[in-house]
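The values are calculated or read from the model by the stated rules, or taken from the named source; none is laboratory data. In this text the structure is predicted, and so the values were computed from the model without any measurement. Note that we place each Cβ from the backbone using ideal geometry, even for glycine, and neighbour counts take in every protein chain shown.
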Amino acid sequence: MKKYCFGVDIGGTSVKLGLFTCEGELLDKWEIPTAKADGGAAILTDVATSLEQKLSERNLTKEEFVGVGIGIPGPVSADGTVFECVNLGWGTTPVKAEMEKLIGLTTAVGNDANVAALGEQWQGGGKGFESSVMITLGTGVGGGVILNGEILAGANGAAGEIGHLYVNYEEEDLCNCGKPGCLEQYASATGIVKEAKRYLAAHDEPTSLRGVEPLSAKIICDAAKNGDSVAQKMVDQLGRYLAIACSHLSHVVDPEVFVIGGGVSKAGEILLDAIRRHYDPICMKAVKGKPFKLATLGNDAGIYGSAKMVLGK
């Protein structure tokens with residue numbers, strides 16, 4: 001009887017790996033450096049070697065494993081091929097086929113943000129729900145959509161690019177993607193700071209934020225919790241833009257729950273309250289009242305989701 005699986009999350013700096021039971025218990029986790037030299041040619045070989053070493057260390061056999069799940073920072077096709085992954089130096093790479101040849105285990109491959117969303121739905125903030133949307137607020141804004149326990153990947157593996165939903169028709173500055181008005185311009189850690197500085201330059205209200213360098217999203221959120229009125233306006237604006245994005249998502253995929261993760265989510269309930277305040281008034285009745293929860297797995301979401309991906313529903 002199969003008892004175990006591996007979850008692998010390949011990042012630009014390090015590869016996170018986890019050994020799981022099929023019930024979702026994390027038995028062991030470790031990291032190896034991401035070998036990006038020579039166009040990342042050694043990355044999958046290094047992963048396979050590390051997994052083989054873990055099997056030996058734990059005295060486990062491959063017959064006891066369902067397989068390996070791998071999260072990749074780029075779009076992934078249905079057959080497990082990555083067509084371009086700038087962060088790893090990869091061009092077209094048949095990750096599933098190569099990994100199965102290297103390790104001799106069934107392999108499932110997915111986009112890292114989608115995989116993290118699956119991990120949170122399985123054992124994190126979305127646990128207990130079959131359909132969820134995760135929004136990750138970090139240096140950028142990413143996320144993933146899980147419907148009926150499965151990743152919604154899209155025709156080209158590029159579904160879930162939540163950070164580039166259009167939320168402000170008045171914006172003139174361009175997002176890194178080349179168009180203006182993206183959620184990422186307001187809800188990323190850098191976007192929150194940029195918006196605060198824009199407000200401070202246009203208003204002379206007294207605030208603890210003025211003159212603070214370097215200003216950060218955490219400083220802004222902490223000031224809001226301490227009653228700073230300008231900081232509270234910034235958090236409210238953040239909640240409004242997130243609510244607009246969540247409204248769009250609800251009217252298309254109607255998830256059971258929204259899970260908010262990433263570094264900015266450490267603001268906690270003050271952020272969730274701001275989203276809730278703006279969400280219901282812009283939604284049709286059928287999708288009002290969605291629960292908003294905080295992600296709980298942190299940097300482990302990717303290995304959890306990778307493991308779940310190879311386990312299936």
- Message: Return the pair list, or none, for Cβ contacts closer than 8 Å from residues in the stretch 300-313 that are modelled with pLDDT under 95 to residues that are among the charged types (D, E, K, R), at least 6 apart or on different chains.
- Response: LYS313/GLU150
- Within the stretch 1-43, the residues that are of a type in the set (Gly, Ala, Ser), in contact with a helix residue (DSSP H, G or I) (Cβ under 7 Å, 6 or more places away or on another chain) and not in a strand (DSSP E or B) are GLY12, GLY24, ALA35, GLY40
- Item | the stretch 277-313, subset under 19 Å from VAL167 (Cα atoms) and in contact with a Gly (Cβ under 8 Å, 6 or more places away or on another chain), residue surrounded by the most Cβ atoms within 10 Å (Cβ to Cβ) | HIS278
- Task: State whether the residues of the stretch 181-201 include one that is assigned to a strand (DSSP E or B) and out of contact with any His (no Cβ under 7 Å at 6 or more places or on another chain).
- Result: no
- Note on the structure: The condition of being in the same structural domain as GLY140 (by TED's automatic domain parsing), crowded, with 19+ Cβ neighbours inside 10 Å and either polar (S, T, N, Q) or modelled with pLDDT under 95 (or both) holds, among SER216, SER208, SER188, only for SER188
- Item | Selection status of VAL264, assigned by TED's automatic domain parsing to the domain that holds GLU170, β-branched (Val, Ile, Thr), surrounded by 14 or more Cβ atoms within 10 Å (Cβ to Cβ) and touching a helix residue (DSSP H, G or I) at 6+ places or on another chain (Cβ under 7 Å) | yes
- Query: Somewhere in the stretch 52-63, is a residue of a type outside the set (Gly, Ala, Ser) and either under 19 Å from the mean Cα position of the chain (by Cα) or crowded, with 21+ Cβ neighbours inside 10 Å (or both)?
  - Reply: no
- Message: Suppose we keep only residues that are among the acidic types (Asp, Glu) and over 23 Å from the mean Cα position of the chain (by Cα) within the stretch 185-220. Which one would you say is nearest to SER265 (Cα to Cα)?
- Response: GLU213
- If we scan the stretch 117-125, do we find a residue that is part of a loop (DSSP other than H, G, I, E, B) and either over 13 Å from the mean Cα position of the chain (by Cα) or at pLDDT 95 or above (or both)? yes
- Identity of the residue in the stretch 98-125, of a type in the set (S, T, N, Q) and crowded, with 24+ Cβ neighbours inside 10 Å, that ends up nearest to GLY160 (Cα to Cα): ASN114
- Task: Please find, within the stretch 126-139, the residue that is farthest from the chain's Cα centre (by Cα) out of those that are of a type outside the set (Ser, Thr, Tyr) and buried (at least 24 other Cβ atoms within 10 Å of the Cβ).
- Result: GLY126
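The rows are residues; the columns are (1) touching an Asp or Glu at 6+ places or on another chain (Cβ under 6 Å); (2) within 21 Å of ASN114 (Cα to Cα).
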| position | (1), (2) |
| --- | --- |
| VAL230 | yes, no |
| LEU238 | no, no |
| TYR241 | no, no |
| LEU272 | no, no |
| GLY298 | no, yes |
- Note on the structure: Those residues of the stretch 227-261 which are without any contact (Cβ under 8 Å) to a residue 60 or more places away in the chain, out of contact with any helix residue (DSSP H, G or I) (no Cβ under 6 Å at 6 or more places or on another chain) and of a type in the set (Asp, Glu) amount to ASP228
- Item | Near pairs, Cβ below 8 angstrom, 6+ apart or cross-chain, from the stretch 178-190 (closer than 10 Å to ALA245 by Cβ) to any residue that is in a loop (DSSP other than H, G, I, E, B) and among the aliphatic types (A, V, I, L, M) | CYS182/LEU165; CYS182/VAL167; LEU183/LEU165; LEU183/VAL167; TYR186/VAL167
- Message: Between a residue in the stretch 111-129 that is closer than 23 Å to ALA78 by Cβ and any residue that is of a type in the set (Lys, Arg) and assigned to a helix (DSSP H, G or I), which pairs come within a Cβ distance under 7 Å, given they are 6 or more apart or on different chains?
- Response: LEU118/LYS308; GLY119/LYS308; TRP122/LYS308
